[in-house]
Every structure is written in C-alpha cells, then in structure tokens.
Amino acid sequence: MEVRRTVPVKLDVDSDDTALLRETIAEFLWAADYVVDHAWQGDYKTTSKAQLQEETYDDVREQTRLHANLVQNARNKAADAVQGVVARWKQGEYAGKPHFSKPTVVYDKRCATFHDDHVSLATIDGRIEVEYVLPDDDRDTPHSRYLDSDDHEVTSAELHNKDGEWFLHLRTKAEVESDTPKQATTGHSTVLGIDLGVNQLAVTSTGTFWSGHEFDHWRREYEKRRASLQQCGSRHAHENIQSVGRKETGRFKMMLHRIANGIIEEAAENGCTVIAFEELTGIRGRLSGASWGHKWAFERLYEYVEYKAELHGIDVEQVDPENTSRRCSHCGFTHPDNRDSEDFECLKCGYENHADYNAAKNIGLRYLRRNQTGDGGGAPVGVRLNRGTLNANGEYEPPAGNSGQSGSPRESSSGGSQPPRRQTSSDGTLNEARSSDRAK
C-alpha cells in the first residue's frame, strides 16, 4: 500500500538567495496566471494539460527566465486550478477565474535535488543550495518519521515564503504494509457511518459524538478580535489580524486532528474497513447555521481522516446525503417531520433517538446498499453500531456470542436499558450521556 505524507521543513536562506527566490516566485506565479488566462478564453475552458503545454510553453519560456521544468509545473498548477473550477460548476457551485498570489513554487526531481540536510533548487539564475533547519534532538517528529526513514522517498516539494521565512513542504511516499487487514476474518468488511453537523461536528454510527460547542465558541471569539482590530485601521492592527488568523487556523487544525484520530480509533476498534461520510459538496446549504468556517472544518476533517486511514488499510468514501436526516434507520420510513432539531422520532414506527446518530446510521446504510453485490461479492455486510451491526436491509444483528438475543438494548424495538452514548468534545474530553433508542 502506498502512503504519502507532506513534511514542512524550514530553510536557512541568506540574503542573496532570498532575492533570487523572490524573483523566481514572481515569475512562476506570472507563468501560472498566463496559462489560466489562455485557458479562460471564450466559452470553453481548456483543462487539458497536454493542450495547454502545446499552446503556452514557448510563450512562457520566451517571456520568463524559468527553468523548463518550472514552466511545466506552473502549467500543471494552472490546469489543476481550472479543472477545479469546472468541477465546481458541474456541481452547481459558483467559482471564479483562478488567480495566483500566494508566494509558492512547485518543485519536482527535475528541478530540485533533495538531500538529507539540504536541497538544491532551480531558480531564474541557475541553482542554489539551501540547508534545512531540522530539530537537533531525538523527539518523534515528522522529520524523524519520514525524512530520516529509508522507507520514505521525497518525490516533490512546494516552496513557501511566509512572513519573511522560507519553508519547503516536502512530499514523500512509501510502500508499507497495512496494520489492519482489508478483509475481516469472515472475508467481509464493515462500514462506520459519519454524520457532520454544527452542534455536533461529527457523530459515528457507533454512537460517539464530538461536540461543536468549543469550535463555535472560538470561531466567535476570533471574529470579535478581527472586528475590533479592523476598526483600528492601523498597520499594527493589520499585522495583528494576520496573527489572529494564524492562531485561529492552528487551533482549529489541532481540534480536527484530534477528532480525526478519534474516528480512526473508533473504526479500528470496531473492525471497520470502510468509513462513510456524507458528500461535502453543498454541505453548507444543507446545514442550518453552518458558516464558511464549518465548511472549511468539514473538508479538513475529511482530508485528515482520509490520509490517517491509509495506515490502517481503511477506505474512506462519500455517499449521497439525501434524506439521511429524515429517514428512520429502524424501519426506513422517510418524512420531514420525523426530525425536530436534534430529536428524531419516526412517525410510523415510533423509533426515537438523537437525530445525528440516526443520520450516521443511515449514511452507513447508504454506502452499504450502494455497494451490496450479493453473497460472495466481497461487499460490506454491516453498519457498525455500539453493539452489533445493521445489515443492508436495516435489520439488527447482535454481536458475536449474543446470537440468541432478539436485539441489542440499544437497537431493539422493545425498549429496555440503554448503554451510555459516548460524547466527546472537540478537545478530546470524553463525557457520558444517555441515548433513547427505542420504538414506542
């Protein structure tokens, strides 16, 4: 199994090389914008890299001092951006013409040579060698895990200039053996459903909740700080706004990494080989009270879960979210009035529970039914719950060793005692709550 990781490394760049790298960045961004301008002509937007290479390469080479491979990397960056816009249009979303202003340059092995402690980079005036600024102790860091490992190979990098400091984001890959088999001992796999929301950032079909209260609290706090600084209008206030933005992004990324780790642990502990999310396209419009900050958080969370799941041999997929919040995971009856805020009560069978938990089970079932191929087809055979599973027909199957039971206390239609639902705040704190999972 191929695993890819990106490791940011600070660079020790002297003043002469700084000027050279700044000029290289300026010409690289100009080249990328030039290709976008060409691709944007007329009603048809050109997305073919081969076509853009043929139609723009000579012009960019004549008008810049860029290394030939940097010209090609700029073209690839532009083509990817245009392809992204066209894809969003097809989903009915608004997207404007791409423009590149963030000071970055994309390097590959044709225009950079990566060593253990330094890198050789192509510029507009030959190559320069720049040393890495690496940790000088034996702590477990991304540098020690990936750069110092013979198993990981650096394939490419992206140069960044941020607040006058230089960083190289090294992209590595390695072939590793999964520590979780793709197929369980039965020869089948199990899916973990994930529902995303505002009050609860993430809820699993096994009944674990990650609260969104801390996320919303800090989002409002940072908005207040920015608004206060914007009223000042001074240069110092502007610099502080940028600092607030960096702190906000850093805090939220740590929160989302903790949630992603929890989801992976939940999947691994329950023997799940698939994690199913609802499709993220249009999620802000579907969720009442969701902001751009929530959309960003959901996208980052999905990305974190996706790359962390690779090491466990777990697939991460998205499914159509239509009616997953209105459908009863117990009997299948679908109606808008089944859900009232965070409460779910089926108008047909009386099943009631937390609405997001019900939706998480439906997301798992949606993936199950989409991929069910019958006996021997290798399809998933259950949505993992806190106790037991749901099969593709929505029928409850008790955990191994409890085959004589008519149903789990948690999932049965006859009521009875309910085990605690695990509720986790975004900072990883675990609380206990009770869930009603009965039908009247």
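Where a number appears in this text, it was derived from the coordinates with a stated rule and is not lab data. Treat the numbers as computed from the prediction; the structure is a model and nothing was measured. All Cβ positions, even for glycine, are placed from backbone atoms using ideal geometry, and neighbour counts span all protein chains on display.
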Point-to-point label distance, ALA174-TRP89, nm (Cα→Cβ direction, 7 Å offset): 4.2
Along Cα→Cβ, 7 Å out, is where each label goes; now give me the distance between the ones at HIS213 and SER120 in nm to one decimal. 5.8
With r defined as the distance between the Cβ atoms of TRP296 and ARG4 and R0 fixed at 25 Å, what FRET efficiency is calculated, to the nearest 0.05? 0.70
In Hz, Karplus ³J(HN,Hα) per residue of segment 9-16 (6.51, -1.76, 1.60; θ = phi - 60°; x = Gly, Pro): 10, 6, 10, 9, 10, 7, 5, 5
Within a 10 angstrom radius of the beta carbon, how do CYS349, CYS272 rank from fewest other beta carbons to most? CYS349, CYS272
Counting sequence-distant residues (5 or more places) and residues on other chains, those with an amide H built under 5 Å from that of TRP166 are LEU11
Pull up all non-local amide H partners of GLN200: gap of 5 or more, or a different chain, and H-to-H distance under 5 Å with H placed in the peptide plane. GLY212
Length gained when the stretch GLU279-ASP151 is fully extended (0.36 nm per residue, less Cα-Cα span): 42.7 nm
What list do you get for HIS115, HIS330, HIS143, HIS294 if you sort them by fewest beta carbons within 10 Å? HIS115, HIS143, HIS294, HIS330
Part-to-part distance (alpha-carbon centres) for segment 2-17 and segment 77-154, which is given in Å: 8
Rounded Å value of the spacing that divides the Cα centres of segment 254-300 and segment 321-337: 20
Distance in nm between label sites at GLN318 and VAL133, each 7 Å beyond Cα in the beta-carbon direction? 3.7
Where does each of VAL203, VAL86 land when they are ranked from fewest to most other beta-carbon atoms within 10 angstrom? VAL86, VAL203
Where the only charges are on Cβ atoms (+1 Lys, Arg; -1 Asp, Glu), what is the dipole of segment 2-175 about its Cα centre, to the nearest 20 debye? 1000
Can you compute 3J(HN,Hα) from phi for each residue in segment 276-289, using the Karplus curve 6.51 cos²θ - 1.76 cosθ + 1.60 with θ = phi - 60°, rounded to whole Hz and x for Gly and Pro? 10, 9, 6, 4, 7, 4, x, 5, 5, x, 7, 9, 5, x
With r as the distance between the Cβ atoms of LYS45 and CYS331 and R0 = 41 Å, compute the FRET efficiency 1/(1 + (r/R0)^6) and round to 0.05. 0.30
Once the other residues with Cβ under 11 Å from the Cβ of ASN76 are scored (Lys, Arg +1; Asp, Glu -1), what is the net sum? +1
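Which links in LYS224/LYS295; LYS10/LYS97; LYS162/LYS247; LYS49/LYS97; LYS173/LYS361 stretch past 24 Å when you go from one Cα to the other?
LYS10/LYS97; LYS173/LYS361
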